[in-house]
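K.L.:
This structure is in structure tokens; I'll ask about it shortly.
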Amino acid sequence: FPYSEGQREITQPGVKVADLPAGELNHHWTKNLIASRDGLRLYVTTGSNSDHGENGIDKEERRAAVLEVKLADGQTRVFASGLRNPNGLGWEPQTGVLWTVVNERDELGNDLVPDYLTSVKEGAFYGWPYVYFGTYPDPTWLRRDPARVAQAARQARVPDLERSIVFQENA
């Protein structure tokens with residue numbers, strides 16, 4: 001939508017910039033976006049279409065990723081991948097580095113898998129669905145395809161900051 005600083009309402013029709021992953025199967029359907037510091041590109045989070053790829057890896061195209069969209073022509077590419085469900089994006093003010101928080105794998109117990117905060121490096125792969133937090137094998141994939149898990153562990157970037165919440169029973 002055309003916008004001028006201080007504008008309080010939309011007065012003109014919007015223009016579609018790019019198609020984002022969606023479809024009939026559309027798990028983690030929410031998307032977050034942020035403009036590049038020079039205003040020429042958008043960065044968009046796209047969560048996975050499953051918990052651990054159980055619906056088929058073909059359903060994960062351009063998902064579990066941060067996409068980069070050129071505003072001039074709508075050309076879209078995967079900026080970083082293997083981020084199961086990235087939520088929120090922000091620029092670190094001094095360095096200009098892009099950051100996101102990632103909701104990781106479910107159903108592996110209260111202490112696993114940890115969600116994390118990480119910088120988003122261009123071209124980086126963060127491991128989902130094969131490994132989590134860099135090198136820890138996903139048990140489903142380890143049983144299904146151990147060679148793929150080993151390869152992912154060699155390629156995955158370890159996130160910058162992890163926070164585990166441990167639930168303890170009351171005595």
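K.L.:
How many residues, within segment 111-132, are part of a loop (DSSP other than H, G, I, E, B) and among the aliphatic types (A, V, I, L, M)?
P.N.:
Final tally of qualifying residues: 4.
K.L.:
Could you check segment 57-75 and list, in sequence order, the residues that are open to solvent by less than 40 Å² (accessible area, probe 1.4 Å), touching a strand residue (DSSP E or B) at 6+ places or on another chain (Cβ under 7 Å) and either among the charged types (D, E, K, R) or in a strand (DSSP E or B) (or both)?
P.N.:
Arg63, Ala65, Val66, Leu67, Glu68, Val69
K.L.:
Then there is this: Collect the residues in segment 105-146 that are of a type in the set (D, E, K, R), touching a Lys or Arg at 6+ places or on another chain (Cβ under 7 Å) and more than 24 Å from Thr76 (Cα to Cα), keeping them in residue-number order.
P.N.:
Arg105, Asp115, Asp138
K.L.:
Also, quick follow-up: Name the residue that is most open to solvent (accessible area, probe 1.4 Å), counting only residues in segment 76-87 that are more than 22 Å from Leu112 (Cβ to Cβ) and under 14 Å from the mean Cα position of the chain (by Cα).
P.N.:
Ranking the candidates gives Arg77 first.
K.L.:
May I pose another question? Restricting attention to segment 119-136, report how many residues are of a type outside the set (Phe, Trp, Tyr) and within 15 Å of Gly47 (Cα to Cα).
P.N.:
3
K.L.:
If you don't mind, there's one more thing I want to ask. Of everything in segment 90-132 that's touching a residue at least 12 places away in the same chain (Cβ under 8 Å) and among the β-branched types (Val, Ile, Thr), which residue is most open to solvent (accessible area, probe 1.4 Å)?
P.N.:
Val101
K.L.:
Now a separate question. When only residues in segment 26-52 that are modelled with pLDDT under 95 and among the basic types (Lys, Arg) count, which is nearest to Asn85 (Cα to Cα)?
P.N.:
Here the answer is Lys31.
K.L.:
All but one of (1) touching a helix residue (DSSP H, G or I) at 6+ places or on another chain (Cβ under 6 Å); (2) loosely packed, with under 13 Cβ neighbours inside 10 Å hold for Asn49; which doesn't?
P.N.:
Here Asn49 meets the rest and fails (2).
K.L.:
I'm checking my understanding of the structure. Among residues of segment 26-49 that are part of a loop (DSSP other than H, G, I, E, B) and touching a residue at least 40 places away in the same chain (Cβ under 8 Å), which one is farthest from the chain's Cα centre (by Cα)?
P.N.:
Residue satisfying both the conditions and the ranking: Arg37.
K.L.:
Return only the number of the condition from (1) without any contact (Cβ under 8 Å) to a residue 40 or more places away in the chain; (2) more than 22 Å from Glu122 (Cβ to Cβ); (3) open to solvent by 60 Å² or more (accessible area, probe 1.4 Å) that Gly23 does not satisfy.
P.N.:
Of the numbered conditions (1) without any contact (Cβ under 8 Å) to a residue 40 or more places away in the chain; (2) more than 22 Å from Glu122 (Cβ to Cβ); (3) open to solvent by 60 Å² or more (accessible area, probe 1.4 Å), the odd one out for Gly23 is (3).
K.L.:
When you look at Ile34, is it of a type in the set (A, V, I, L, M) and open to solvent by 60 Å² or more (accessible area, probe 1.4 Å), yes or no?
P.N.:
No, not satisfied.
K.L.:
Out of everything in segment 133-156 that is outside any helix (DSSP H, G or I) and out of contact with any Gly (no Cβ under 7 Å at 6 or more places or on another chain), what residue ends up being least open to solvent (accessible area, probe 1.4 Å)?
P.N.:
Once the filter is applied, the top-ranked residue is Asp138.
The values are calculated or read from the model by the stated rules, or taken from the named source; none is laboratory data. Quantities reported herein were computed from a predicted structural model and do not represent experimental measurements. In this analysis, Cβ positions are derived from the backbone assuming ideal geometry, glycine residues included, and neighbour counts consider all displayed protein chains. Heads up: the accessible areas ignore ligands, DNA and RNA and are worked out on the full protein's heavy atoms, side chains in. Shrake-Rupley method; radii C 1.70, N 1.55, O 1.52, S 1.80 Å.
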